[in-house]
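The values are calculated or read from the model by the stated rules, or taken from the named source; none is laboratory data. Since we're looking at a predicted model, the values are computed, not measured. Don't worry about glycine lacking a Cβ; one is built from the backbone with ideal geometry, like all the others, and counts go over all protein chains shown.
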Amino acid sequence: MAISDTAPEIEAMQLEIRRSMSGQERLRVCLEMSVFARELRKAGIHRDHPDWSDREVMMELFRLAFFPEPLPAWVR
């Protein structure tokens, strides 16, 4: 069972809203959530490394997303 801080009535409303959305609308919401999550992660990296350039922050974001190890030389 998943842990949730959302009341059952609200969860039912959310489900009803999602079911009423077209595929295009659901895709737009997913993309917006993805962009938001990426921006949060970038902000966290920047907070942890305030001396890093924007490029270094983006490279770390890329590494965290796609490589468990440090970036290979061909990416740097």
Quiz item: From the list I10, I45, which one is in contact with a helix residue (DSSP H, G or I) (Cβ under 7 Å, 6 or more places away or on another chain) and either of a type in the set (S, T, N, Q) or not in a loop (DSSP other than H, G, I, E, B) (or both)?
Solution: I45
Practice problem: For the stretch 1-15, name all the residues that are surrounded by 10 or more Cβ atoms within 10 Å (Cβ to Cβ) and either hydrophobic (A, V, I, L, M, F, W, C) or closer than 28 Å to L61 by Cα (or both). | Solution: I10, A12, M13, L15
Practice problem: Please state which of the following conditions R18 fails to meet, knowing it meets all the rest: (1) surrounded by 10 or more Cβ atoms within 10 Å (Cβ to Cβ); (2) at pLDDT 95 or above. | Solution: (2)
Practice problem: Scan E56, E39, E32 and give me the residue that is within 19 Å of the chain's Cα centre (by Cα), surrounded by 12 or more Cβ atoms within 10 Å (Cβ to Cβ) and part of a helix (DSSP H, G or I). | Solution: E56
